[in-house]
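J.: Sending over a structure as structure tokens; questions will come in a sec.
The values are calculated or read from the model by the stated rules, or taken from the named source; none is laboratory data. The structure presented is a predicted model; accordingly, all values stated were derived computationally and were not measured. Quick reminder, even Gly has a Cβ in these numbers, built from the backbone with ideal geometry, and neighbours come from all protein chains shown.
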Amino acid sequence: MYHIERAIFDIRRGLPVVINTGEQRLLVQALEGSVSVDSLAKLSGSRPALVLTRHRLQAMGMSLKADAACLPLTEQISERDLHHLAVSNEASKAHSLLSGLKPAGVGERGAVALMRRALLIPAALCAEVSATSAEHIAQQLSKGELLEVNARDAEKCLAGAPGMLKRVSEARIPLEDAPESRFVLFREPDGLREHVAVMIGDLASIPGAVPLRMHSACLTGDLFGSLRCDCGEQLRNAVADIQAMGGGVLLYLAQEGRGIGLANKLRAYTLQDGGLDTVDADQVLGFGDDERQYAVAVDMLNALGIDKVQLLTNNPLKMAALREGGIEVVSRQALYGSVTDHNHRYLSAKANRAGHFLDEVLEGRGR
């Protein structure tokens, strides 16, 4: 994990890293930010390829069974062309550039995984280190000027580091709807994400299953009261409901935008303003329906000694993830916010495209 963590920081800073597949070395750089295809070609000694996810290619009308594919880049490729290939919703322009696609290998898949873990657009430039550049790259690696990671480790980085979550600090934080609350902060090993367990009431006095809400952070909704979603209202309702149930836990998870990060969520909002729903907008950017990983929630519950819960959710994936992680979900309680003209399309997409249990509240608005 140590080298993966360092690689993520280098990638976020716009630096290249080396991915070693055992058979070849790839020089990898994020497409997001200021990049030069020619500079990467000069350093590696070979012409780079652009690696795109299956979701992005499907948004451009390409059918692909592999998780990602490589597109060799011509000498004439421009930054505008790269933008069209990676994030543009103008499918016809992007589609015309897709010539010579081939399924991604383990190194290229690892490159895209690193981009996703780094919360960047999931598109990467990859160039094989040629025989003529091998010695120079080896020297840079030995001096620490470049970092090398194993391709398999990179490919698995999205899962985080199960069992390595650190309990860092805690304090009593009285809340308006739950005066006896305590915040416990957990930090992931890569240092990028911190999650908070809000302990409401006296958990020792709760018989049986502990009421639990798993809430993914939403800066726009939770803090600023955005009308595009119901997240802020759900958060406040969850605290009040757990208090009324005699206490429980709210896990506040650093998984903004269903796991794609704030920058990409804002990009998706702009695409939604152009007519796409939330699922299609994420796909245009190269993401799946839901990029969240709930192993961290299981680790938090294990650290808190909780193995049986009453889950406040409308999302079947959360129930399945907890059960897969060994947490017994005794029952489910619905948790709604208000349906408005601003969030109706968003909620409808969650119900119709992602299978969330929202029929009752959506039908109620229609009456």
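J.: Within region 74-106, track down each residue that is assigned to a loop (DSSP other than H, G, I, E, B) and surrounded by 23 or more Cβ atoms within 10 Å (Cβ to Cβ).
T.: 104
J.: Would you pick out the residues in region 311-324 that are touching a residue at least 40 places away in the same chain (Cβ under 8 Å), in a helix (DSSP H, G or I) and in contact with a Lys or Arg (Cβ under 7 Å, 6 or more places away or on another chain)?
T.: none
J.: How many of the residues making up region 325-367 are surrounded by fewer than 14 Cβ atoms within 10 Å (Cβ to Cβ), assigned to a helix (DSSP H, G or I) and of a type in the set (A, V, I, L, M)?
T.: 0
J.: Evaluate the following for residue 312: is it in the same structural domain as residue 186 (by TED's automatic domain parsing), under 17 Å from residue 206 (Cβ atoms) and touching a helix residue (DSSP H, G or I) at 6+ places or on another chain (Cβ under 6 Å)?
T.: Taking the combined requirement at face value, the residue satisfies it.
J.: May I ask you to say which residue of 227, 203, 192, 223 is out of contact with any strand residue (DSSP E or B) (no Cβ under 6 Å at 6 or more places or on another chain) and more than 30 Å from residue 278 (Cα to Cα)?
T.: 203 is the lone residue from the list that is out of contact with any strand residue (DSSP E or B) (no Cβ under 6 Å at 6 or more places or on another chain) and more than 30 Å from residue 278 (Cα to Cα).
J.: Mind checking which pairs have a first residue in region 183-206 that is of a type in the set (Ser, Thr, Tyr) and a second that is in a loop (DSSP other than H, G, I, E, B) and crowded, with 16+ Cβ neighbours inside 10 Å, Cβ under 8 Å, 6 or more apart or different chains?
T.: 205/247
J.: Something else: Hey, residue 109 hits all of (1) in a loop (DSSP other than H, G, I, E, B); (2) under 23 Å from residue 293 (Cα atoms); (3) in contact with a strand residue (DSSP E or B) (Cβ under 6 Å, 6 or more places away or on another chain); (4) not hydrophobic (A, V, I, L, M, F, W, C) but one; which does it fall short on?
T.: Tallying (1) in a loop (DSSP other than H, G, I, E, B); (2) under 23 Å from residue 293 (Cα atoms); (3) in contact with a strand residue (DSSP E or B) (Cβ under 6 Å, 6 or more places away or on another chain); (4) not hydrophobic (A, V, I, L, M, F, W, C), residue 109 fails exactly one: (1).
J.: Could you say whether any residue in region 227-246 is β-branched (Val, Ile, Thr), touching a helix residue (DSSP H, G or I) at 6+ places or on another chain (Cβ under 8 Å) and at pLDDT 95 or above?
T.: The answer is no; no qualifying residue exists.
J.: Can you pull out every residue in region 287-309 that is of a type outside the set (D, E, K, R) and more than 25 Å from residue 205 (Cβ to Cβ)?
T.: Answer for region 287-309, where residues must be of a type outside the set (D, E, K, R) and more than 25 Å from residue 205 (Cβ to Cβ): 287, 288, 293, 294, 295, 296.
For every residue, the table says whether it meets (1) within 26 Å of residue 279 (Cβ to Cβ); (2) at pLDDT below 95.
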{"position": "33", "(1), (2)": "no, yes"}
{"position": "39", "(1), (2)": "no, yes"}
{"position": "61", "(1), (2)": "yes, yes"}
{"position": "65", "(1), (2)": "yes, yes"}
{"position": "78", "(1), (2)": "no, yes"}
{"position": "81", "(1), (2)": "no, yes"}
{"position": "99", "(1), (2)": "no, yes"}
{"position": "122", "(1), (2)": "yes, no"}
{"position": "126", "(1), (2)": "no, no"}
